[in-house]
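FYI, it's all coordinate maths here, none of it is from the lab. In this text, all values refer to a predicted model and were calculated from it rather than measured experimentally. With ideal geometry, Cβ positions are generated from the backbone for all residues, glycine too; neighbour counts draw on all protein chains shown.
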Amino acid sequence: MLGFVGDTRLGGNIRAGTCGKPHPAAPTGRSNGVISNFIPAFVAALVAMAVVDGMWLGTVARGFYRRHLGFLMADRPNWAAAVAFYLLYVLGVTVFAVLPAVDAGAIGEAAWRGALFGLVAYATYDLTNAATLRDWPARITLVDMAWGTLLTAIMAVTSSAVVTWL
């Protein structure tokens, strides 16, 4: 976890405010540190997302989304918005799933943290659309949430494995 008072990675004292005991989220010492791991973790997650999501959107999902959302789709993607989403999403996956898993030294932790982050993020988008847009297809919501869960678990595991290997 980042930002708690006793986080030595941010210059704090592990024992600060904990009655002399290390904070349960204190670094385990198995990682090289947040800063040195951040860049390779971010790049690995970005590459994993681009490859896996690119395959999904370019092959499997293209017709599916067009069939169910064609009435809402633009003729051309807004690339600036797409790039902004990818960068922010990868930042979130890196901070909330990859770095904690690397610090814990557990690939399984990357999988569950990535899956949960993906489910929450994709559910935010899909359920908001279901709540606010007329004729939003329930099938899109279910498929998209499942895809976000799987995609993000793959990203987190891949990125964690790369950082651990380095």
**Item:** Among residues of region 101-121, those that are assigned to a helix (DSSP H, G or I) and either surrounded by 20 or more Cβ atoms within 10 Å (Cβ to Cβ) or of a type in the set (Gly, Ala, Ser) (or both), counted
**Value:** 13
**Fill in**
Reported set for region 131-150 where residues are in contact with a helix residue (DSSP H, G or I) (Cβ under 6 Å, 6 or more places away or on another chain) and farther than 13 Å from His68 by Cα is Met145, Gly148, Thr149
**Members of region 36-86 that are surrounded by 14 or more Cβ atoms within 10 Å (Cβ to Cβ) and of a type in the set (S, T, N, Q)** = Asn37
**Asked** Here are Val98, Val90: which of them is touching a Gly at 6+ places or on another chain (Cβ under 9 Å), assigned to a helix (DSSP H, G or I), buried (at least 19 other Cβ atoms within 10 Å of the Cβ) and on the phi < 0 side of the Ramachandran plot?
**Response** Val98
**Request:** Count, please, the residues in region 49-70 that happen to be in contact (Cβ under 8 Å) with a residue 12 or more places away in the chain and not small (Gly, Ala, Ser).
**Result:** 8
